[in-house]
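Input: a single structure, listed below in structure tokens.
The values are calculated or read from the model by the stated rules, or taken from the named source; none is laboratory data. Keep in mind that this is a model prediction, so the values were computed, not measured. Glycine gets a Cβ as well: all are built from the backbone with ideal geometry, and neighbour counts include every protein chain shown.
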Amino acid sequence: MRQGDTLLGIALRFGVSLKALEEANPGVDPQAMPVGTQLIIPVDADNPAALPTPTPLPLQVGAPYCQPAADGSAVCLVEVSNPTDHAVAAVAVTFRLQNQATRAAEALLERLPAHAQTVLVARFPPPAPPNPIATARLLRALSLPSDQAQGRYPAVEIVSQQTQITVDGLMATVKGKLHLVGAARADEAWVVAVAYDAQGRPVAARRWEYEHSLRATRQVPFQFRLYSIAAPIQKVSVQAEAHVWATPTPHP
């Protein structure tokens, strides 16, 4: 167990339900888990390796967009949409190239809100096909009950956002400020930017992480760059997510 881990976060990471994880570790206090705590991760008898399996959640996976890189590798991006009325978490997909090489990729944000989209990125090491073509299927997505999400993901908004795209469209600079809404604090925050070309294909994605405490009384500035894998950038979408870790219970 690492600094900042919670049972919910661990459940999302391993693709198991929070209830199953709690039942497998009855002696663990979720509010007092020191670094180094060892947990039992429950597995399915039909899946003893705890490998992620396809989910029945009706998420929509778009067509992957892939491009070769100068070092002989290939980069693929795909958009996943959540058309449901409920948030989901731990979204992951599997990419498969025409040479049967596969790569799993996880969403850059833990939580995918209702009626929202996210982009996942995978890099295939060399040698990759010079004209990579991929398919993508949903590997994992977990239902996220509102009562679990409420404490874990405090509302955060982006203010004073600015996006500057270079003349050739191959790079974009994103900057702004993070501001907590309706919460006193958060333990960290992520900003994810996704760039699209004129055809609506995702051509770049990047996550910026702020690994410090946030307070509602101050705004946190951020700035980073996106580089297109090929086509010129036409627009950039930016999302933010804040996390609250479990607060250890003090002991005498």
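Can residue 168 be described as touching a residue at least 12 places away in the same chain (Cβ under 8 Å) and under 21 Å from the mean Cα position of the chain (by Cα)? Let's see the steps before the verdict.
Working: touching a residue at least 12 places away in the same chain (Cβ under 8 Å): yes; under 21 Å from the mean Cα position of the chain (by Cα): no.
So residue 168 fails the test.
Scan (1) assigned by TED's automatic domain parsing to the domain that holds residue 219; (2) assigned to a strand (DSSP E or B) for the single condition residue 168 breaks and write down its number.
Residue 168 satisfies every listed condition except (2).
Can you tell me which residue among 172, 193, 186, 204 is crowded, with 16+ Cβ neighbours inside 10 Å, touching a His at 6+ places or on another chain (Cβ under 8 Å) and either modelled with pLDDT of 95 or more or at negative phi (or both)? Walk me through it before giving the result.
On the way: 172 fails: touching a His at 6+ places or on another chain (Cβ under 8 Å); 193 fails: touching a His at 6+ places or on another chain (Cβ under 8 Å); 204 fails: touching a His at 6+ places or on another chain (Cβ under 8 Å).
Going through 172, 193, 186, 204 in turn, just one is crowded, with 16+ Cβ neighbours inside 10 Å, touching a His at 6+ places or on another chain (Cβ under 8 Å) and either modelled with pLDDT of 95 or more or at negative phi (or both): 186.
Take residue 104 and tell me if it is without any contact (Cβ under 8 Å) to a residue 60 or more places away in the chain and in contact with a Cys (Cβ under 6 Å, 6 or more places away or on another chain).
Numbers: without any contact (Cβ under 8 Å) to a residue 60 or more places away in the chain: yes; in contact with a Cys (Cβ under 6 Å, 6 or more places away or on another chain): no.
No.
Which members of the stretch 104-120 meet the condition of being surrounded by fewer than 20 Cβ atoms within 10 Å (Cβ to Cβ) and closer than 20 Å to residue 66 by Cα?
104, 106, 117 - these are the residues of the stretch 104-120 that are surrounded by fewer than 20 Cβ atoms within 10 Å (Cβ to Cβ) and closer than 20 Å to residue 66 by Cα.
Considering only residues that are part of a loop (DSSP other than H, G, I, E, B) and crowded, with 16+ Cβ neighbours inside 10 Å, look in the stretch 85-102 and name the one that is modelled with the highest pLDDT.
To start, the set of residues in the stretch 85-102 that are part of a loop (DSSP other than H, G, I, E, B) comprises 85-87, 98-101.
Imposing the further condition that a residue be crowded, with 16+ Cβ neighbours inside 10 Å reduces the set to 87, 101.
Details: 87: 90, 101: 94.
Selected residue: 101.
If you scan the stretch 112-157, which residues turn out to be assigned to a loop (DSSP other than H, G, I, E, B) and under 19 Å from residue 189 (Cβ atoms)?
Of the stretch 112-157, the ones assigned to a loop (DSSP other than H, G, I, E, B) are 113-115, 125-133, 144-145, 153-155.
Matches in the stretch 112-157: 113, 144, 153, 154, 155.
Out of curiosity, is residue 158 surrounded by fewer than 21 Cβ atoms within 10 Å (Cβ to Cβ), touching a Phe, Trp or Tyr at 6+ places or on another chain (Cβ under 9 Å) and either aromatic (Phe, Trp, Tyr) or in the same structural domain as residue 215 (by TED's automatic domain parsing) (or both)? Step through it out loud before you land on a result.
Working: surrounded by fewer than 21 Cβ atoms within 10 Å (Cβ to Cβ): yes; touching a Phe, Trp or Tyr at 6+ places or on another chain (Cβ under 9 Å): yes; either aromatic (Phe, Trp, Tyr) or in the same structural domain as residue 215 (by TED's automatic domain parsing) (or both): yes.
It is true that residue 158 is surrounded by fewer than 21 Cβ atoms within 10 Å (Cβ to Cβ), touching a Phe, Trp or Tyr at 6+ places or on another chain (Cβ under 9 Å) and either aromatic (Phe, Trp, Tyr) or in the same structural domain as residue 215 (by TED's automatic domain parsing) (or both).
Take the conditions within 22 Å of residue 61 (Cβ to Cβ), surrounded by 17 or more Cβ atoms within 10 Å (Cβ to Cβ) and within 21 Å of the chain's Cα centre (by Cα) and apply them to residue 140. Does it pass? Step through it out loud before you land on a result.
On the way: within 22 Å of residue 61 (Cβ to Cβ): yes; surrounded by 17 or more Cβ atoms within 10 Å (Cβ to Cβ): yes; within 21 Å of the chain's Cα centre (by Cα): yes.
For residue 140, the condition - within 22 Å of residue 61 (Cβ to Cβ), surrounded by 17 or more Cβ atoms within 10 Å (Cβ to Cβ) and within 21 Å of the chain's Cα centre (by Cα) - is met.
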